[in-house]
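The structure appears below as structure tokens.
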Amino acid sequence: MNYDVTIIGGGASGLACAAQLNKSGKNLKICLLDAGDRLGKKLAATGNGQGNISNLEMTAEHFHGGNTALVEKIACGDPYEGAKIFSCLFSADEKGRVYPAGRQASALVDDLMNSLKDSSIDIFTGERVEKIKNSKDGFEVCRSGGQVIKTKIIVLCVGGKAQKQFKTDGSSYALATSLGHTLTPLYPSLVQLKTETSHIKTLKGIRVDCKISAFYGEKLLNAVRGDVIFTDYGVSGNAVFSISSCVADKQGVTLSIEFLPDFSFDEIEKSIALHKKAGYERSELLSGTLHNQVGRAVIKRAGTDSPSIITQTLKNFILPVLGTLGFDYAQVTKGGINMNEVTDELESKLVKNLFFAGEVLDVDGDCGGYNLQWAFTSGQHVANAVLKRI
Ligand SMILES: Cc1cc2nc3c(=O)[nH]c(=O)nc-3n(C[C@H](O)[C@H](O)[C@H](O)COP(=O)(O)OP(=O)(O)OC[C@H]3O[C@@H](n4cnc5c(N)ncnc54)[C@H](O)[C@@H]3O)c2cc1C
């Protein structure tokens with residue numbers, strides 16, 4: 001079979017690309033292939049099943065990887081740019097995170113599938129593309145069953161290496177590297193962190209709102225306010241996910257947790273002194289101020305009943321990072337196809353008519369809707385470039 005466009009990967013970026021091509025009304029022969037048994041399986045699992053697709057604070061600082069100027073151009077114009085491909089309504093929560101108003105990520109997949117329902121796009125699931133061959137007349141796409149399809153244009157939307165249960169195990173980068181592309185180093189990002197645990201052993205399962213800072217030697221890498229959840233291997237939670245993107249590619253990073261970030265040193269010290277005066281046991285000096293178990297762990301670590309030293313420990317609770325939980329637990333991949341090898345249209349500079357969208361590229365965003373905004377806007381951006389080409 002001969003196609004004008006073949007989209008490989010029916011996740012967030014591939015579906016957005018297909019929907020945008022379909023919207024054009026041009027009579028194109030399009031094929032969409034996905035290795036999974038259903039399209040958009042990862043998309044349906046995003047945002048704890050609620051689909052955090054964007055963020056009102058859509059600025060370039062929230063993206064990492066190559067050519068952030070281009071990423072800014074594509075993804076940062078309008079926080080609702082990615083959402084334009086959908087017909088449902090969206091709303092933001094108090095932290096600026098944008099969700100479908102019904103708060104169901106699966107509805108995003110339904111919405112995109114509906115928009116493709118009456119299209120002439122050939123959709124194949126359970127079809128892993130094993131190889132792409134480039135020839136003078138276009139490409140040959142070798143499918144898992146051994147069949148070959150011919151196509152003029154390819155859009156590679158195969159995602160990264162995070163969470164292989166979604167058929168994203170990193171093996172599909174080879175489709176691009178076999179055509180001459182190179183990868184920047186790959187790391188798990190938006191992932192739980194393994195830390196030294198001796199001071200947090202009693203805190204398993206406790207969630208606290210705090211400020212968490214990551215230091216590489218003396219250098220502050222990033223500081224984030226949000227939830228930290230203590231675990232038997234280290235720390236998890238939104239704030240940890242956010243900070244992990246600057247930690248994953250380094251060794252010897254130290255986390256500093258500031259409990260009670262809304263209170264000044266003096267206020268906390270004074271409250272501890274008042275407790276002391278009232279005759280509280282040493283281990284209870286933070287009672288009522290901090291979660292009891294966390295308070296006890298802080299005081300034990302301080303090793304004294306001095307209000308000043310307890311406050312210092314509470315404001316700077318150090319946890320050396322030992323690693324991450326790895327790609328199987330990460331939400332995204334840091335690194336990917338080198339952005340120096342693609343044009344502003346996200347077309348390969350090495351192979352004409354080969355385009356890329358989404359996480360397969362060396363672009364990763366912070367926690368909070370940035371990765372889906374990139375997937376949706378880059379998918380639509382490439383579709384627009386393809387429409388100009390044909
Ligand atoms: C649990 C979880 C929660 C997340 N929550 C959020 C969130 O709330 N907000 C946010 O912004 N981001 C979130 N993310 C990240 C976001 O889901 C991804 O960044 C985004 O899905 C990337 O889109 P993509 O199209 O590039 O890749 P994917 O959505 O991963 O899609 C890639 C597709 O390619 C297919 N594929 C791979 N190789 C082949 C091949 N050789 N042949 C055919 N098909 C192939 C796969 O089956 C898959 O369907 C979350 C990620 C996870 C894992």
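Test of the criteria: in the range 109-154, which trypsin sites (Lys or Arg not before Pro) are in a DSSP loop and have at most 11 other Cβ atoms within 10 angstrom of their Cβ?
Within the range 109-154, the qualifying trypsin sites (Lys or Arg not before Pro) (loop, at most 11 other Cβ atoms within 10 Å) are Lys117, Lys136.
In nm, to one decimal, how far is the modelled label at Gln251 from the one at Met1, with both set 7 Å along Cα→Cβ?
So the two model labels end up 4.9 nm from each other.
Please report the antiparallel percentage of DSSP beta bridges with both residues in the chain, rounded to the nearest 5.
Values: 51 of 69 bridges.
Counting DSSP beta bridges with both partners in the chain, the antiparallel share is about 75 percent.
Find, to one decimal place in angstroms, the Kirkwood hydrodynamic radius of the range 314-390, where the mean of 1/r is taken over every pair of different Cα atoms and then inverted.
About 14.6 Å, per the Kirkwood formula over Cα pairs.
List the aspartates and glutamates whose alpha-carbon lies under 20 Å from that of Lys277, not counting same-chain residues fewer than 8 positions away?
Qualifying aspartates and glutamates at Cα under 20 Å: Asp266, Glu267, Glu269, Asp305.
Give the long-range amide H neighbours of Leu325: residues separated by 5 or more places, or on another chain, with amide H under 5 Å away, using H modelled in the peptide plane at 1.01 Å from N.
Gln192, Lys194
Place a point 7 Å from Cα of Ser87 in the direction of its Cβ. Which residues in the range 109-139 have their backbone N less than 18 Å from it?
Under cut-off, by backbone N: 109-121.
Going by C-beta contacts inside 10 Å, put Thr254, Thr168, Thr177, Thr324 in order with the fewest on the left. Spell out each step's value before the answer.
Numbers: Thr254 17, Thr168 25, Thr177 11, Thr324 22.
So the residues, fewest neighbours to most, are Thr177, Thr254, Thr324, Thr168.
How far, in nm, would the chain grow between Asp110 and Lys150 when pulled straight, counting 0.36 nm per residue and subtracting the alpha carbon separation? All intermediate terms of the calculation are to be shown ahead of the outcome.
Details: separation 40, 0.36 × 40 = 14.40 nm, distance 2.88 nm.
Between Asp110 and Lys150, full extension yields an extra 11.5 nm.
Counting pairwise Cα distances across the chain, what percent come out greater than 30 angstrom?
Summing the P(r) tail past 30 Å for the chain gives 44 percent.
Antiparallel versus total DSSP beta bridges in the range 122-175: what percent is that, nearest 5? Numbers along the way, then the final one.
Values: 10 of 10 bridges.
Within the range 122-175, antiparallel bridges account for around 100 percent of the total.
In whole Hz, with x marking every Gly and Pro, tabulate ³J(HN,Hα) for the range 184-201 from phi via Karplus 6.51 cos²θ - 1.76 cosθ + 1.60, θ = phi - 60°.
In residue order, the calculated couplings are 7, x, 9, 9, x, 9, 6, 9, 5, 10, 7, 9, 4, 10, 4, 8, 10, 4 Hz.
Kindly put Ser120, Ser242, Ser271 in sequence by how many other C-beta atoms sit within 10 Å of each C-beta, fewest to most.
Working: Ser120 10, Ser242 22, Ser271 19.
Placing the least packed residue first, the sequence is Ser120, Ser271, Ser242.
Near Lys41, which aspartates and glutamates are there with a Cα under 18 Å away, not counting those fewer than 8 places off in the same chain?
Asp110, Asp111, Glu127, Asp169, Asp328, Glu359
Counting only GluC sites (Glu not before Pro) that are in a DSSP loop and have at most 13 other C-beta atoms within 10 Å, tell me the longest site-free stretch of the chain.
The longest uninterrupted stretch comes out as 95-217.
What do you get for Rg/Rh of the range 45-170 when both radii come from the Cα atoms and Rh is the Kirkwood radius?
Computed over Cα atoms, the ratio is 1.01.
Using the C-alpha gyration tensor of the range 193-324, what are the square roots of 5 times its eigenvalues, in whole angstrom, with the largest one first?
They are 26, 14, 12 Å, listed largest first.
Just to check I understand the Karplus step: with θ = phi - 60° and J = 6.51 cos²θ - 1.76 cosθ + 1.60, what whole-Hz values come out for the range 316-325, glycine and proline as x?
8, 8, 8, 9, x, 7, 9, x, 10, 7
If you put +1 on each Lys and Arg Cβ and -1 on each Asp and Glu Cβ, how big is the dipole of the chain around its Cα centre, in Debye rounded to 20?
Dipole size: approximately 640 debye.
Hey, what do the phi angles of the range 102-114 turn into as Karplus ³J(HN,Hα) couplings, whole Hz, using 6.51/-1.76/1.60 and θ = phi - 60°, x for Gly and Pro?
x, 6, 10, 5, 4, 5, 5, 5, 4, 4, 5, 5, 4
Counting C-alpha atoms alone, how compact is the range 179-224: give Rg to one decimal and Dmax as a whole number, in angstrom.
Spelled out, the Cα radius of gyration and Dmax of the range 179-224 are 16.2, 52 Å.
In Å, what Kirkwood hydrodynamic radius results for the range 262-390 from the alpha-carbon pair distances?
Values: mean 1/r = 0.0521 Å⁻¹.
Final number for the Kirkwood radius of the range 262-390 is 19.2 Å.
Near Lys136, which aspartates and glutamates are there with a Cα under 20 Å away, not counting those fewer than 8 places off in the same chain?
Result set, ordered by chain and number: Asp4, Glu347.
Take the Cβ-Cβ distance between Asp262 and Glu61 as r, set R0 to 35 Å, and report the resulting FRET efficiency rounded to the nearest 0.05.
0.90
Can you give me the convex hull volume of the Cα atoms of the range 1-106, divided per residue and expressed in Å³?
136 Å³
Values in this text are rule-based calculations from the coordinates and carry no lab data. Note that the structure is a prediction, hence the values are computed from the model and not measured. Heads up, the Cβs are rebuilt from the backbone with ideal geometry, glycines too, and the neighbour counts pull from every protein chain shown.
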